1. Can you name the helices (runs of 4 or more DSSP H) wholly within the range B:128-245 that have at least 2 residues being out of contact with any Gly (no Cβ under 7 Å at 6 or more places or on another chain) and hydroxyl-bearing (Ser, Thr, Tyr)?
2. Give the residue, chosen from B:Ala259, B:Ala279, that is more than 16 Å from the chain's Cα centre (by Cα), more than 27 Å from B:Leu113 (Cα to Cα) and modelled with pLDDT of 95 or more.
3. Working only within the range B:101-134, note down all residues that are under 18 Å from the mean Cα position of the chain (by Cα) and within 11 Å of chain A (Cβ to nearest Cβ).
4. Would you check which residues across the range A:109-121 are more than 13 Å from chain B (Cβ to nearest Cβ) and surrounded by 20 or more Cβ atoms within 10 Å (Cβ to Cβ) and list them?
5. Within the range B:98-113, identify whether any single residue is touching a Leu at 6+ places or on another chain (Cβ under 6 Å), within 25 Å of B:Gly10 (Cβ to Cβ) and in contact (Cβ under 8 Å) with a residue 60 or more places away in the chain, and answer yes or no.
6. Can you confirm whether the range A:47-58 contains a residue that is surrounded by 16 or more Cβ atoms within 10 Å (Cβ to Cβ) and free of Cβ contacts under 8 Å to residues at least 12 places away in the same chain?
7. Among all residue pairs at least 6 apart or on different chains, which show Cβ distances below 9 Å where the first residue, located in the range A:110-129, is of a type in the set (Asp, Glu) and the second is not in a loop (DSSP other than H, G, I, E, B)?
8. Specify the residue that is nearest to the chain's Cα centre (by Cα); the eligible residues are those in the range A:61-102 that are within 14 Å of chain B (Cβ to nearest Cβ), of a type in the set (Asp, Glu) and surrounded by fewer than 18 Cβ atoms within 10 Å (Cβ to Cβ).
Amino acid sequence: MTLAAVQQRMRERLTRSGPDDHHATQTPGYRIYRNHYRAQLVHCLETSYPMLSGWLGPDEFLQAAIQYIDDHPPHAWTLDAYGATFQSTLQDRYPHNPDIHELAWIEWSLSESFVAMDAPTSSPGLLGELDWEAVRLRLAPSVRLCKATTNAMALWHAWNSAAALPESEMLATAGGLIIWREDFICRLKQLDAIEHAALLLLHDDSRFAGLCAALVEHLGETPGVRRAGELLAGWLHMGIVHCEC
Amino acid sequence: MFPPLPGFAGFGLGLRKEHYRDFLETPVPVDFVEVISENFMVDGGQPRHILRQVRERHPVALHGVSMSVGSIDDPDIRYLRRLRALVDEIEPLFVSDHLSWSRIGRFNSHDLLPVPYTREALDIVCRHIDAAQEALGRAMLFENPSVYLRHEEQDMNEWEFLATMAQRTGCGLLLDVNNVYVSSCNLGWDADAFLSGIPADRVRQIHLAGHTKTDELLIDTHDKPVCGDVWALYRDALALFGPIATMIERDDDIPPLPALLKELDIARGMARRPRSSEAA
């Protein structure tokens with residue numbers, strides 16, 4: 001048997017879901033590899049989604065993990081990437097629970113942000129020296145953004161500080177969530193819809209003039225320009241945006 | 001072929017999160033630390049920062065688990081580029097991985113699966129080691145795996161495979177004494193024959209670790225102190241190979257650092273008196 005055939009056969013035996021009654025896989029050695037394969041992936045998901053694994057309960061989380069493992073065999077070079085699409089399985093299993101979807105986004109984005117590329121920072125004091133026509137506003141590599149419709153942030157903060165969890169509820173007005181890294185600490189903050197949209201805009205148009213134009217369209221001439229300045233000062237202070245000339 | 005790696009007869013520990021503070025804030029009496037390469041092959045943030053700080057205090061060995069030189073598929077070039085960047089920054093004492101496979105096609109088991117010891121597999125493994133060493137610009141070490149099953153298809157035994165692999169590629173060997181013990185018990189071969197069968201001049205590093213005994217097999221769990229039988233085998237290895245860089249691996253149920261340093265002292269004592277009966 002060729003090496004390719006040996007490895008293809010072992011892959012099939014490792015990933016087969018449900019009971020496996022093939023005589024070759026009943027040997028103690030195969031059982032060790034097969035159990036290790038699945039146990040390692042479950043552990044990886046528990047580590048990537050610590051709040052959800054507790055919130056859903058061990059049995060429910062395990063069922064979700066098993067579904068994910070059966071549908072998504074790992075392929076990346078690092079096990080750390082394995083849980084990247086677990087949110088799709090959670091959306092599948094809990095289609096009417098946006099709180100679960102947003103909590104999953106928070107937990108995954110925190111882990112991504114933690115090891116994102118280091119970024120330069122720009123002091124808010126530099127604002128007076130910038131060439132506003134030439135400057136480009138760049139989001140820090142650690143920034144992650146998503147739409148917020150529930151109080152997932154409050155739930156996560158309560159869990160993180162070991163406080164009593166509030167009831168899940170929908171927000172009166174949808175907004176956004178941002179995760180970023182400040183030095184080595186990841187931060188999570190809720191944004192109003194305007195700031196969320198303004199940050200998303202920077203992906204496509206990094207000019208300050210573009211930001212001003214979008215805000216003027218929403219808020220009017222003077223309030224729009226004022227809000228653009230306030231937002232930029234805040235972003236520079238938080239270290240989520242830096243200026244490139 | 002790259003020149004043989006120089007010898008280094010120090011004593012080290014695996015760097016684990018539980019001991020970061022000890023290593024960053026206190027002088028730790030080790031000659032080197034070993035880290036899992038993949039944990040630091042990240043874009044930025046705290047892990048890389050910690051490794052830089054540790055590197056300022058100790059020589060660092062990079063030990064990988066994902067190279068998969070035993071795969072039918074070629075090494076992952078993106079993986080090698082990331083590892084090369086880490087190597088260039090850290091300037092490690094050794095760069096090592098395992099004689100095993102993890103990937104086939106788009107599937108990655110993230111386990112160190114056993115390679116069948118065939119002539120075909122030997123050609124493929126050697127080709128992949130050549131490619132990896134070329135990509136990293138240096139010779140590597142490869143570790144003997146712990147094995148739980150025997151492939152039906154074998155042209156040679158494990159030590160013959162390792163010896164030929166080292167001779168053909170110029171790589172060094174990372175001798176995991178616990179893995180020799182675990183595999184020899186599980187597959188019923190002679191651990192002393194293994195030690196005598198690998199080329200002494202290629203062994204550059206030794207791993208010591210604990211394992212778990214089940215009703216059927218031994219499992220390489222790294223969650224216990226090194227047992228007496230493995231210490232005895234380490235003594236045999238010292239007698240054959242002389243002073244070699246030695247470290248304790250502990251990955252689960254990790255005790256406070258002093259407990260591991262005490263275990264490392266046993267290794268030091270044995271290296272000073274390879275034929276006494278200090279620890280077993």
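1. The qualifying helices (runs of 4 or more DSSP H) are B:158-169, B:177-187.
2. B:Ala259
3. B:Trp101, B:Ser102, B:His110, B:Asp111, B:Leu112, B:Leu113, B:Pro114, B:Val115, B:Val125 - these are the residues of the range B:101-134 that are under 18 Å from the mean Cα position of the chain (by Cα) and within 11 Å of chain A (Cβ to nearest Cβ).
4. A:Ser109
5. no
6. Checked the range A:47-58: at least one residue is surrounded by 16 or more Cβ atoms within 10 Å (Cβ to Cβ) and free of Cβ contacts under 8 Å to residues at least 12 places away in the same chain.
7. Here the result reads A:Glu112/A:Ala84; A:Glu112/A:Arg144; A:Glu112/A:Ile179; A:Asp118/A:Arg181; A:Asp118/B:Arg48; A:Asp118/B:His49, each pair linking the range A:110-129 to a residue that is not in a loop (DSSP other than H, G, I, E, B).
8. A:Asp71
The values are calculated or read from the model by the stated rules, or taken from the named source; none is laboratory data. This is a predicted model, so every value here is computed, not measured. Please note: Cβ atoms are built from the backbone with ideal geometry, for glycine as well, and neighbour counts cover all protein chains shown.
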